[in-house]
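Accompanying notes for the structure given below.
The values are calculated or read from the model by the stated rules, or taken from the named source; none is laboratory data. Bear in mind that the values here come from a model prediction, so they are computed numbers and not experimental data. Note that we place each Cβ from the backbone using ideal geometry, even for glycine, and neighbour counts take in every protein chain shown. Keep in mind that these areas ignore ligands, DNA and RNA; they rest on the heavy atoms of the full protein, side chains included. Shrake-Rupley method; radii C 1.70, N 1.55, O 1.52, S 1.80 Å.
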Amino acid sequence: MASVRSTRFRLSSVVLVGGLMCAAVGCGGNSGASVSAPAPSSPSSSFSSFAESWEEPAAYAYTLTSSEGERSLIGTFRVTVRDGKVTKAVGLDESGRAAVQRAPEEVPTIGGLLDRLARAHKEGADTAEAAYAPDGHPERITLDPLKDTIDDEESYVISDYEPAGNKKATTGASGASGASATQP
């Protein structure tokens, strides 16, 4: 009888320890894959859910805040787009004004930002994520080509998006004075 109890006790202990180990590995382990839920304020953070269905209008304006990494396109900008080209870029902060004066051609359209996202995704970037507004235009794009490389990150926040003919009250400093570049 004593050996039956001892065997049951050992078996129970092994099952308990094994279960705890499985739970610990499943909850705290890093299998190399990660799943992140979209931020509560973001309708979607899937790469292609809206990017493929959103059609860039012929004319629109938006505010771009570009940050992260060691790049020349850092700052906040008010951007006007017509026929797929930036026709006006206004730097709304010191960094934005300097970037527009230095290289106005680097200020992208929203379509250009989506092209960067698609290219980063295709090239296997460590991070190539976007959050989309209910109408399908991106509100945030985050790129990080190599996880362990410093200063290669890119972060873009798109706000005050206004398709032409669909004027809305804007927020932010879009009426602020600053360096601007107008392209034909």
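Residue pairs whose Cβ atoms lie under 7 Å apart, sitting 6 or more positions apart in sequence or on different chains, and linking a residue in the range 63-91 that is under 15 Å from R140 (Cα atoms) and touching a residue at least 24 places away in the same chain (Cβ under 8 Å) to a partner that is assigned to a loop (DSSP other than H, G, I, E, B) and of a type in the set (G, A, S), are T63/G172; T63/S174. Cβ-Cβ contacts under 8 Å between residues 6 or more apart (or on different chains), taken from a first residue in the range 104-122 that is closer than 12 Å to Y156 by Cα to a second residue that is part of a helix (DSSP H, G or I) and open to solvent by 10 Å² or more (accessible area, probe 1.4 Å), are listed as P108/R116. When you check P134 against the structure, is it modelled with pLDDT under 95 and under 20 Å from E56 (Cβ atoms), yes or no? Here the answer is yes, as P134 does meet what is asked.
Taken over the range 51-100, the criterion of being among the β-branched types (V, I, T) and within 24 Å of A131 (Cβ to Cβ) is satisfied by T63, T65, I74, T76, V79, T80, V81, V86.
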